[in-house]
Amino acid sequence: MEQTLLLIKPDAIERNLIGKVISRVEEAGLKILDMKMVLFTRKMTEHFYGEHKGKEFYNRLIEYMADKKVVALKLEGENAVKTLRDLVGATDPKKAEKNTIRADFGVGTPQNSVHASDSFKSAIREIKFFFGD
Ligand code: CMP
């Protein structure tokens, strides 16, 4: 069993897609261990996305996410990191595989509806960030 983190981003919350995203997660067999809606402050956003600092899209990403509500989910399942990444699809919704969350719900970058941990190591860090030890 493995754990991973899913964030439902402001563009999806704005368009009433929380339930649809969560249904897909449950239908894929992932268990929700914990879940909360959080105000993602600018400080939290900059910390969470620290690895992207200096990249061309960094400022757009921060402006899009900062001081808005997000829903964080702590998930568990077999190969949870890969299972969730496959369910979410590629970063750019236009390039995301058919029937993935981003292909079906995303509107662009950075407004791609969800974030999913990209590795086991990131999952540990990101779960700790939102849910503590
Ligand atoms: P996420 O999985 O949350 O990880 C980093 C985020 O940066 C990504 O989803 C997108 O929201 C955003 N992002 C990545 N690449 C770009 C880009 N080229 N332009 C704008 N935003 C991007």
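Read-outs throughout are calculated quantities, based only on the coordinates presented, and are distinct from any laboratory measurement. Note that the coordinates shown come from a computational prediction; the quantities given were computed from them, not determined experimentally. A quick note on method: Cβ atoms are made from the backbone with ideal geometry, for glycine too, and the neighbour counts reach across all protein chains shown.
By the equivalent-ellipsoid construction on the alpha carbon gyration tensor, the chain comes out with semi-axes of 20, 18, 14 Å, ordered largest to smallest.
Shown for 113, 122: other C-beta atoms within 10 Å of each C-beta, ranked fewest to most, produce the order 122, 113. Among the listed pairs 31/128; 43/128; 20/69, none has a Cα-Cα distance over 28 Å. At full extension, residue 131 and residue 39 could sit 31.7 nm farther apart than now, given 0.36 nm per residue minus the alpha carbon distance. Taking other Cβ atoms within 10 Å as a rough exposure proxy, 101, 22 sort from fewest to most as 22, 101. Would you mind calculating the gained length between residue 60 and residue 107 on full extension (0.36 nm times residue separation, minus the Cα-Cα distance), in nm to one decimal? Taking 0.36 nm per residue and subtracting the Cα distance, the gain is 15.5 nm. So if we plug the beta-carbon distance of residue 51 and residue 27 into 1/(1 + (r/R0)^6) with R0 = 22 Å, what FRET efficiency do we get, rounded to 0.05? Between residue 51 and residue 27 the formula returns 0.10. As a proxy for reagent exposure, 74, 36, 9 were ordered by neighbouring Cβ count within 10 angstrom, fewest first; the result is 36, 74, 9. Taking label points 7 Å from Cα along the Cα-to-Cβ direction, residue 79 and residue 18 give a separation of 3.1 nm.
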